[in-house]
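Below you'll find the structure, written out as structure tokens, and then a few comments.
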Amino acid sequence: MDTRILRVFLMLAAGLALPVVPALAEETSSVDETPVIDPNIVRLGLREADIDALDVEVGAFFGFMSVEDFGTNEVYGARLAWHVTEYLFIEGQYGMTSVGRTSAESLDPTLNLLTDADRDLVYYNASLGFNALPGEVFIGENAAFNTDIYFLLGAGTTEFANDRMFTINAGLGVRFIAYDWLAIHLTFQDLIFEKVAIIDPANSGDSAHNMQYTTSFTVFF
Amino acid sequence: MFARILIALVVACSFSAVSARASEYPSVEVQDAFLDLRTGPGEGYPKVQIVERGDFVEILLSKTDWFKVRTRKGFEGWVHRDDMERTLDPDGDKIRISTVGEDEFAHRRWEAGVKMGDFEGNTMVGGLLGYYFTQNLSIELNASEALGSFSDSQLYSLSITHQPWPQWRCSPYFIMGGGAIKIQPEAKFVQTRDRTDQTVHAGLGMRVYITRQFMFRGEYRSNVILTDVDDNLEIEEWTLGFSAFF
């Protein structure tokens, strides 16, 4: 029953609409009989948006960071890079570690130079990256992977020992392109920030070189 | 019941397989005598294959200036943007790939960047986000921190910038605006509380177009911190940084 009502309704609607369409068509086509553009040609073209551009790289890293006077500990974090050209990229990094006890504290267990919360180290930085040496590695007879040896230079902030310190970061890395969308990095970085004043008050203005080596897995998209 | 689910699954899978095959990559016709394919997206990678005039290649993806293509025979390689522009699209028109260049630099809308420098003896790091109303005028949001031995400060500011010659590769600009500064004295040196003050600033800078969507910028600002005490504090700020524009 419902469908019949619907059908009648549709027929009525179509009946009402039909006389209007030719009237409109008559009005518009009265000037020029031949259309300028043939509507039957389907233009395929090439739309750039159809090409997947993989210029952004995002991933996570883990490794070890040696913080001067506080030993070497696990470090982990995230990185985000944007590749401007085949040589140049911009990268942001966020990393965190938790440092151990100094040798003085190990010798005297009652000595606590920092609270547990102050032993957490967090840094972030922005760097310019240069893909200096592109290359290929071969695994066996049938597999070849593209690689890049790159340099990083940047600046940022480190939060550690109840202080915020300006940090210069310089590094060297190797990027293995496993797939077009996946890369594995091995990165060595030197994070240079002020020495912790409590450890060495006489030289508190001096800078400490804190080496970090990490492995990253990144995805291009 | 299970059979029905199984059939539904099979149908769904076959549909997705069909749609995957249907979503073909755009293909272009080689117009030059030949098209060089390299093993990687860089000019150092060796050329390992050529595609002759009249042959078609599919464009799989791009990385910076390089396009990964697949030949009819299934061979995959990388082609530079300049070579890609000497191919024809399915309509027989030369393909046009938009590159971002100096012209786009002059007509940019958004800018995002980072900077570092000197804030009256303290080291400053920060970030910025800008929006251009016109080629000459933009509004800019800055967030930075100045790290020193005696105090750390956080600065937030909103500025108007004006560049008289937007079409220049090295484009100078004027900046003025206001904001707030939060100063945190280091507890180990002085026992005072954090304080927040209003600031006003004026200065000038230079944006230098480098390549693609990338520019360097250097800036000088004279900040005046409006304190409660009689004398206002004047602080000079010098920064260098880089930005990307969109």
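The table below lists the values:
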{"quantity": "Of all residues making up the stretch A:65-75, the number that are surrounded by fewer than 16 Cβ atoms within 10 Å (Cβ to Cβ) and not in a loop (DSSP other than H, G, I, E, B)", "calculated": "2"}
{"quantity": "Residues satisfying the stated conditions in the stretch A:181-213, i.e. of a type in the set (A, V, I, L, M) and under 30 Å from A:ASP52 (Cβ atoms)", "calculated": "A:LEU182, A:ALA183, A:ILE184, A:LEU186"}
{"quantity": "The lone exception for A:GLU141 - which of (1) free of Cβ contacts under 8 Å to residues at least 12 places away in the same chain; (2) crowded, with 20+ Cβ neighbours inside 10 Å it fails", "calculated": "(2)"}
{"quantity": "Strands (runs of 3 or more DSSP E) wholly inside the stretch B:170-246 containing at least 3 residues that are under 19 Å from B:PHE150 (Cα atoms) and away from every other protein chain (no Cβ under 14 Å)", "calculated": "B:195-211, B:233-245"}
{"quantity": "When residues of the stretch B:50-83 are limited to those that are more than 14 Å from chain A (Cβ to nearest Cβ) and in a strand (DSSP E or B), the one farthest from A:THR85 (Cα to Cα)", "calculated": "B:GLU52"}
{"quantity": "Residue in the stretch A:128-146 that is assigned to a strand (DSSP E or B), more than 8 Å from chain B (Cβ to nearest Cβ) and within 30 Å of B:SER151 (Cα to Cα) present", "calculated": "no"}
{"quantity": "The stretch A:193-221 residues that are farther than 20 Å from A:TYR123 by Cα and within 13 Å of chain B (Cβ to nearest Cβ), paired with ones that are part of a strand (DSSP E or B) and of a type in the set (Lys, Arg) (beta carbon under 8 Å, 6 or more apart)", "calculated": "A:PHE220/B:LYS63"}
{"quantity": "Boolean, A:GLY59 is closer than 30 Å to B:ILE59 by Cβ and either small (Gly, Ala, Ser) or surrounded by fewer than 14 Cβ atoms within 10 Å (Cβ to Cβ) (or both)", "calculated": "yes"}
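Here is a yes/no grid of residues against (1) within 19 Å of B:ILE97 (Cβ to Cβ); (2) modelled with pLDDT under 90:
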{"position": "B:ILE7", "(1), (2)": "no, yes"}
{"position": "B:ARG21", "(1), (2)": "no, yes"}
{"position": "B:SER27", "(1), (2)": "yes, yes"}
{"position": "B:ASP36", "(1), (2)": "yes, no"}
{"position": "B:GLY42", "(1), (2)": "yes, no"}
{"position": "B:VAL51", "(1), (2)": "yes, no"}
{"position": "B:LYS68", "(1), (2)": "yes, no"}
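Listed here are the residues, each with its yes/no results for (1) among the hydrophobic types (A, V, I, L, M, F, W, C); (2) under 26 Å from A:VAL84 (Cβ atoms).
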| position | (1), (2) |
| --- | --- |
| A:VAL122 | yes, no |
| A:ALA126 | yes, yes |
| A:PHE151 | yes, yes |
| A:MET165 | yes, no |
| A:GLY171 | no, yes |
| A:ALA178 | yes, yes |
| A:LEU186 | yes, yes |
| A:THR218 | no, yes |
| A:PHE221 | yes, yes |
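The values are calculated or read from the model by the stated rules, or taken from the named source; none is laboratory data. These figures come from a predicted structure and were not determined experimentally. Neighbour counts run over all protein chains shown; Cβ positions are idealised from the backbone, glycine included.
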